[in-house]
Amino acid sequence: MNTSVATDKSLRLPITRLKPILHKYGIVLAFLFICATIAVLGEICIHNGMWDSNYFLTQGNLLSVLRQVSINGILAVGMTFVIIVAGVDLSVGSVLALAGIVSARFVTNSSNMLIGGFDSPILLPLMVAICIGAICGFLNGYIISKFRLQAFIVTMGMLSVARGMTMLTTDGNPVSSLDRGFRALGNSYTFGIPTPVVIFAVIFVAAWFLLNKTVFGRYVFAVGGNEKSAQTSGIDVHKVKVAVYTLCGVMAAIAGLILTARTGSAQTSAGFGYELDAIAAVVIGGTSMAGGLGTLTGTLFGVLIIGVMNNGLDLLGVQSYYQQIIKGLLIVAAVMLDPSRKQSR
Amino acid sequence: MNTSVATDKSLRLPITRLKPILHKYGIVLAFLFICATIAVLGEICIHNGMWDSNYFLTQGNLLSVLRQVSINGILAVGMTFVIIVAGVDLSVGSVLALAGIVSARFVTNSSNMLIGGFDSPILLPLMVAICIGAICGFLNGYIISKFRLQAFIVTMGMLSVARGMTMLTTDGNPVSSLDRGFRALGNSYTFGIPTPVVIFAVIFVAAWFLLNKTVFGRYVFAVGGNEKSAQTSGIDVHKVKVAVYTLCGVMAAIAGLILTARTGSAQTSAGFGYELDAIAAVVIGGTSMAGGLGTLTGTLFGVLIIGVMNNGLDLLGVQSYYQQIIKGLLIVAAVMLDPSRKQSR
Amino acid sequence: KDDIKIAVLMYGMKAEFVQLMQQAAYDHPLVKSGEVKITMYDGRYDALVQNNQAETAIRTNHDAIIINPMDFDANIDVVDMANDAGIPVIVTNARLNTDQMTAEVVSDDVEGGYLEAKFIMEQIGCKGNVVILEGPKGGSGEIQRGQGNEKAIAECPEGAVKVLERKTANWSRAEGMTLMENWLMKHQGKISGVIGQNDEMALGAIEAIEGTGDSVDNYVIAGIDGVTDALHAVKSDKMTSILQDANGQMQGSIDVALRHIIGEQYKPTSKVWQQYADQLNWNNGLSKRYDIPWTVVNQQNVDKLLEVRK
Amino acid sequence: MNKAPLLSVNSVKKSFGEVKALKHINFTLNAGEIHALCGGNGAGKSTFLSIVMGFLQPDEGSIMVNGKPRVFANAKEAIEAGITIVQQELSMIPNLTVAENIYLGQEPRNRFGIVDFKTLNQRAQALMDELEFDIPVNAMLHTLCVAHQQLVEIAKALSHSNANIVFLDEPTSAIGEEDSKKLFKAIKSLAAKGKGIVYVSHRLSEIFEHCTNYTVFRDGTYISEGLIGDVTREQLIEQIIGGQINEEFSKFNQPSEQVLLEVKNLTSKKFNDISFKVRNGEILGIYGLVGSGRSEVLNAIFGVDEFESGSICFNDKEFTKLQPRQAIKSGMAYVTEDRKSSGLVLTSSVGENISISSLEQCSSSFVVNEKQESNRIESMIELFKIKTPNKEQIVGNLSGGNQQKVVLGRWSLTNPQLLMLDEPTRGIDVGAKKEIYKYMSEQALQGKGIIMVSSELPEIIGMSDRIIVFKNGELVSELSQAEASQQLLLSIAS
Ligand SMILES: Nc1ncnc2c1ncn2[C@@H]1O[C@H](COP(=O)(O)OP(=O)(O)OP(=O)(O)O)[C@@H](O)[C@H]1O
Ligand SMILES: Nc1ncnc2c1ncn2[C@@H]1O[C@H](COP(=O)(O)OP(=O)(O)OP(=O)(O)O)[C@@H](O)[C@H]1O
Ligand SMILES: [Mg+2]
Ligand SMILES: [Mg+2]
């Protein structure tokens, strides 16, 4: 339902052609604004001797910000698809944990033997994780689309179920002391870039291509924009939805694998509440929860904004209470700064 | 957005008039189903000696279930309005905490002196709480409607801000050892019924009347159903939205007051994650997150379903892992059982 | 009375330490033998939920309540309810702001915080900078362990040790890791000690340090609880952990509870009482407070402790 | 009656970005007039009305209401000033009842703001009776057919007793003859009461039959005005499209003997035992009153709805159950009656909407060949003369008629053997209609089959080789083009 009122339609036309650019522009603006603020505050800190140099703008710091955001980034990629089809997936956090803990058990069992040249400490768990993610996602999508239920409630159910299963698999205990080779997934570097960042980059590019260049991508937008029209246009709405939720589940699983590798232990409490950050990133990125509108580039910057914010506030040693307040205000500010915003609701 | 596909148009025509009844019917069915299950399991427990009598069906237990749900119930009432105008309020949990902690300080300061005959231990904090709730809610509504931002992100910002403020007011410490008179609000009985239940009942009836009998109620449905045509019909959409979010904030504040009174201390961590339960209750109750469609009666049963579920599983001493799994499944099952469901999405 | 039912109210089920306590409960001799039945409640990190569950436990005729409270004040109702119902109520692990409980079987968090900080002070010879990874703000754990930290630091000469940063990582390893990463960016080479108010956060710090290619040998790191990963870390000399004896707290609580249910003739069956024979006195189960001692985990005792976990 | 015109608008301009929707608009409405506002698709009629109603603000120009200069900030003010509108696009609240929708914003209430539902329903019923619309006032709106929703919208506009200016933007495009008659009856009595009516329509016959004055816009510019009496149909058309066309239906197809589609005993809740054939190169017209089940049958054939029994034989393939996807693959296309809810994806661009159904044809291994795609899109924009700044325009911003053309373009791209058109010329201007008829004939000439559902008698008689008539879910009669006449069809259908 396009509920944006006549008056603001006017905004659309001029930026139609540039819309993608302007859209990015808006969110990039917000992003740069936040970076600038932190950098400036940094300079102030230097001035009154709290900082020796501008820690924020060091390459090292920016790299570790990237590494910190890669997990939320991967979740947000999947979430973007889901939200564009006018859905939402609250279960990503739990699915992340489930995939993490189950696959972790395969790590510990499979240290260092080789499967077809790959060193299995990564290969086997990866496959396991992806399967789990796919199953959870598939169930979400299937139930939502088949019984025409609201995504919110179904995925909320999955949130609870998956978390319970996670606890069950190890009777609540973490799986720890994981194989070095596996942990490389989280804490090694590839061409001088943290491996998680590389993985995130690859996933992002692939997803971007999928959403913007393929038939499937078009169908995703159509289904989100108007399910009924999509159906009469010959799109298999059910398939599209199931595919999207499955994709989201797989992303959650991969994120879970990386988190496990990074922290060196798969914990039953992992990923608790991550869904909110992921959704926030997507929405900050300009994707409308009403469906049919959205960009992955926006999501990318949404993710970065959240990451830089946390990093900056920690660097500035802002007290946690103020940090929460500022974070809240910045999120809203970021959304306001984005001109393309006015279109979606 | 009415994305329900043509096929169910046919469903609609016949049940138009009965819809409300059928709707309640569906959710009541789900509710009774769950109660029955628990009762039966109870009998089994008795049979193999785990229970001495059917604890679930005792009046005492049912009363305490009611008391347990009253807080989520009050939140869900406000949330119903918000969701019907096609919004959502993630900040209720934090607003609850903020209102709770600030008003609690007025309790401790104002023990036993009297304001105009009322014993202020309740009156003063109540007024304070309501103001805080109203302010937070107003800000939510104003920003969402004025800048046409997505409710999700704005209220998420408020979630963060309000929580931060809560911490700030007492530097993270709880406010405790509260005046007896005030605590009565939470743990006393009125006409043999727990006071929180009475408060909830009063609020529910008032809200029901507001939503179903008054012009404002009509406008709420109109704005949620089709904002543009609501405006075309000369409705002040902005006012309606602001009013709805303010109402929701006030509800959160009252819930916070009751929670504080019940636990006898206002904690900075209070109400964490409550928003999900409230939204769940509303959605289980058949209100569509797409807006324009929903009933408070449905919400009431949504609240009861969640409450009975928690109570029953605890009574049966189900292990927490299984509890989570069962809960997840039950939530989805409850929604599936509801025939009217098929209409909304 | 045939079999005895004890309700155990846990504030939540997501932390490994809670799992250890839960396990300890099921491992108690009389529970194993089936004479005593345990009902575990998951408080879902919500004080009100715990109060509701206490109500439920009483309604289902449990003979005693053992509560590991979510909140210092908000859970006092549990004690009152139990007293009204005339059943013993034992507070374990964390404390409650009342003296009406039958008994409390706890480990003094102030002491724990002191021990870990003290260890670090000794290692760094009372000079250099430290950072503190705190528990959730306002929680009794954070407050009391924090007091302990302060106490130890204060024992160093005025201004000798500087606390560069202190911030909550909500008991979480992932959050601890991120926070530490950011601090490392800021204080490269300036941090000599890391005080984690629990092990998870300390372990997170270790990951962060190793993640930047630095070596943990350049830092003195300590945590509290003695979760399995921490023990492994101690073994490989990455940190020190102050072991909080989950087993002692839980089985001790059960023994005390049983003493009050059964009476005089009950003799404690858990081995904690021998284990700490010198520091812990059964006193016929009538003491108001049992302090389960902390154990500083080091190379000598770590293997033994790891054995138990297997 | 005061001398000052009810509404006089002077040199109003409005642009949306680089699109100049209104370049220079004058308009004058006097009491007692039924004033036809004429113009091609995208001429700016709806935009003009939106500006007067306060949905949009003008960039320049003056608006005088009852001699006083007014620019309304929102609809509320306009309504209070005595202006009401029936919008071109249906805009009602799906989950409120008919009565609630009609009186939305003006509910009978006591001083505590409590709605008096009894009076509400009574008033609504009274209004419906007065207008002779038979629609249950307590039915949920979303259960009504498009046509009935349109009637409710009309009733709503006429419910404002204090209103003395009434805008009707293509009110009859979605409703049948019968209801149109009732509507004009109502309009006339209003005009007689000294109110002014602005009537937008592409159906010239209606205009000449019922209107007193006319004003013509073209491409956002005021062209001319005058008394209907003083203008001939040809002249008016010339002013509207800025050129001449002869209005005969350009029909030059030849039905073959070969059967393309055979529907056998199709039955469902909404219709019963429907059987008919469509031959290659044939245009089959389906006539009936609203709710007679025409769309329902098309929905069933295309697989949008299930049907209970019977079968569909298309290209010698027998189907007892279909999905739109299969239907398209096997060569059907379906222009639904309600483009907004079941045709277009309003949030997407013109281009995306045109290519969505034929993406496979311009993609290799699921990757869209954008070069190829945009060529195909552009070709359709040209073929149907869709008025849009570019193919990236959000389709929701197009004028009603142009949206309809987008749907036609989409299906034309799938290059179907059977075209099912439900009210295909709804909201389309005279010029474009002509083109669509031409297009239909061309397609038929290439041996394709066409089914056209229409409530416009002239067009259905003018274009169909055969006409079948539906009456509450039954196929009651079949006539050849020669046999058919307006009176006959009407009498059979009702
Ligand atoms: N919100 C908008 N953004 C961009 N362009 C717009 C918008 N609204 C209208 N237009 C353009 O303004 C022009 C006039 O539109 P309008 O709807 O007034 O035409 P119309 O005369 O009503 O046509 P029709 O007879 O098809 O309804 C069209 O070219 C349309 O594309
Ligand atoms: N009298 C009615 N009351 C309520 N709903 C109706 C009525 N008549 C039809 N409908 C519904 O509205 C839709 C329109 O009916 P349908 O389209 O089959 O009639 P039609 O002959 O195609 O009329 P139109 O040409 O207006 O589409 C269908 O879903 C039908 O069930
Ligand atoms: Mg128009
Ligand atoms: Mg139809």
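Read-outs throughout are calculated quantities, based only on the coordinates presented, and are distinct from any laboratory measurement. Keep in mind that this is a model prediction, so the values were computed, not measured. No Cβ is skipped: glycine too gets one built from the backbone with ideal geometry, and neighbour counts run over all protein chains shown.
Cross-link partners of B:Lys241 among aspartates and glutamates, defined as those whose alpha carbon lies under 13 angstrom from its own and excluding same-chain residues fewer than eight positions apart: B:Asp89, B:Glu227. Here D:Lys385 is the anchor, and the aspartates and glutamates within straight C-alpha reach of less than 16 Å, apart from those fewer than 8 places off in the same chain, are D:Asp219, D:Asp429, D:Glu435. Backbone phi angles across region A:126-132, fed through the Karplus curve with coefficients 6.51, -1.76 and 1.60 (θ = phi - 60°), yield HN-Hα couplings of 4, 4, 4, 4, 4, 4, 4 Hz in residue order; Gly and Pro are listed as x.
This model, with +1 at the C-beta of Lys and Arg and -1 at the C-beta of Asp and Glu, gives region D:256-393 a dipole about its Cα centre of some 160 debye.
Using the structure shown, list the pairs from C:Lys137/C:Lys267; D:Lys317/D:Lys387; C:Lys137/C:Lys190 with a Cα-Cα distance above 29 Å, or answer none. Flagged as over cut-off: C:Lys137/C:Lys267; D:Lys317/D:Lys387. For chain D, the longest principal axis of the C-alpha atoms and the axis of helix D:117-131 are separated by about 70°. For A:Ala184, the distances from its label point to the matching points in the remaining copies are 7.1 nm, ordered from shortest, with each point set 7 Å beyond Cα toward Cβ. When the C-alpha to C-alpha distance is required to be over 26 Å, the pairs from D:Lys270/D:Lys438; D:Lys340/D:Lys434; B:Lys239/D:Lys188; C:Lys37/C:Lys310 that qualify are D:Lys270/D:Lys438; B:Lys239/D:Lys188.
Our coupling estimate for region A:234-250, obtained by passing each phi through the Karplus curve with A = 6.51, B = -1.76, C = 1.60 and θ = phi - 60°, is x, 8, 7, 3, 4, 4, 4, 4, 4, 4, 4, 5, 4, 3, 4, x, 4 Hz, Gly and Pro reported as x. Tell me which of D:Ser355, C:Thr39, C:Gly252 sits at the most positive position along the dipole axis of the protein assembly as shown, charges placed on C-beta atoms (Lys, Arg +1; Asp, Glu -1). Going by the Cα projections, it comes out as D:Ser355. Listed by chain and number, the aspartates and glutamates whose C-alpha is less than 12 Å from the C-alpha of C:Lys167, apart from same-chain residues fewer than 8 away, are A:Asp314, C:Glu134, C:Glu142, C:Glu175.
For region A:62-336, what is the charge dipole size about the Cα centre, in debye to the nearest 20, if Lys and Arg each add +1 at the Cβ and Asp and Glu each add -1 at the Cβ? For region A:62-336, the charge dipole is close to 320 debye. Once backbone amide H atoms are built at 1.01 Å from N, C:Val163 has C:Val130 as its partners under 5 Å, excluding neighbours fewer than 5 places away on the same chain.
Summarising the amide proton neighbourhood of D:Ser224: residues at separation of 5 or more, or on other chains, whose placed amide H is nearer than 5 Å comprise D:Val216. Decide, for region C:111-246, between rounded, prolate and oblate: order the square roots of the alpha carbon gyration tensor eigenvalues as a ≥ b ≥ c, take rounded if a/c falls under 1.5, and otherwise choose prolate if a/b is larger than b/c, else oblate. Rounded shape, in that the Cα axes give a/c under 1.5. Using helices alone, what [θ] at 222 nm do you get for chain B, with -39,500 (n - 2.57) per DSSP H run of 4 or more residues, divided over all residues and rounded to the nearest 500? Mean residue ellipticity, 222 nm, calculated: -24000 deg cm²/dmol.
Tell me the mean residue ellipticity at 222 nm calculated for chain C from its helices only (DSSP H runs of n ≥ 4, each -39500 (n - 2.57), averaged over every residue, nearest 500).
Value at 222 nm, helices only: -13500 deg cm²/dmol.
Within the shell of other residues whose beta carbon sits under 15 angstrom from the beta carbon of B:Gly60, the net charge comes to -2, with Lys and Arg scored +1 and Asp and Glu -1. Let a ≥ b ≥ c be the square roots of the eigenvalues of the Cα gyration tensor of region B:62-336; is it rounded (a/c under 1.5), or, if not, prolate (a/b larger than b/c) or oblate? Oblate.
Pairs of Cα atoms nearer than 8 Å and 6+ residues apart set the relative contact order; for region B:240-309 it is 21 percent. Label-point spacing for B:Ala36 across the identical copies (point 7 Å from Cα in the Cβ direction), in nm and ascending order: 6.5.
What is the dipole size for the protein assembly as shown, taken about its Cα centre, with +1 at each Lys and Arg Cβ and -1 at each Asp and Glu Cβ, in debye to the nearest 20?
Values: 123 positive and 130 negative charges, 520 e Å.
Here the size comes out at about 2500 debye.
For chain D, the relative contact order comes to 16 percent (Cα pairs under 8 Å, sequence separation of at least 6).
The residue among C:Val220, C:Val78, C:Val130 whose Cα reaches farthest toward the positive pole of the charge dipole of chain C, with charges on the beta-carbon of Lys, Arg, Asp and Glu, is C:Val220. When the Cα centres of region D:39-92 and region C:98-152 are compared, how far apart do they sit, in Å? Result: 71 Å between the Cα centres. Suppose only helical runs count, i.e. DSSP H with n ≥ 4. What mean residue ellipticity at 222 nm does that imply for chain D under -39500 (n - 2.57) per run, divided by all residues and rounded to the nearest 500 deg cm²/dmol? Here the helix-only value at 222 nm equals -9500 deg cm²/dmol.
What pairs from D:Lys45/D:Lys156; C:Lys271/C:Lys304; A:Lys228/D:Lys321; D:Lys251/D:Lys448; D:Lys14/D:Lys182 go past 23 Å between their alpha carbons? Listed pairs above 23 Å: D:Lys14/D:Lys182. Placing a label point 7 Å from Cα along the Cα-to-Cβ axis, A:Leu57 is separated from the same position in the other copies by 7.5 nm, shortest listed first. Positive-end ranking of A:Thr268, D:Gln403, D:Gly243 along the dipole of the protein assembly as shown, with charges on Cβ about the Cα centre, is headed by D:Gly243. Compute the relative contact order of chain A as a whole-number percentage, counting only Cα pairs closer than 8 Å that sit 6 or more residues apart in sequence. Worked out over chain A, it gives 33 percent.
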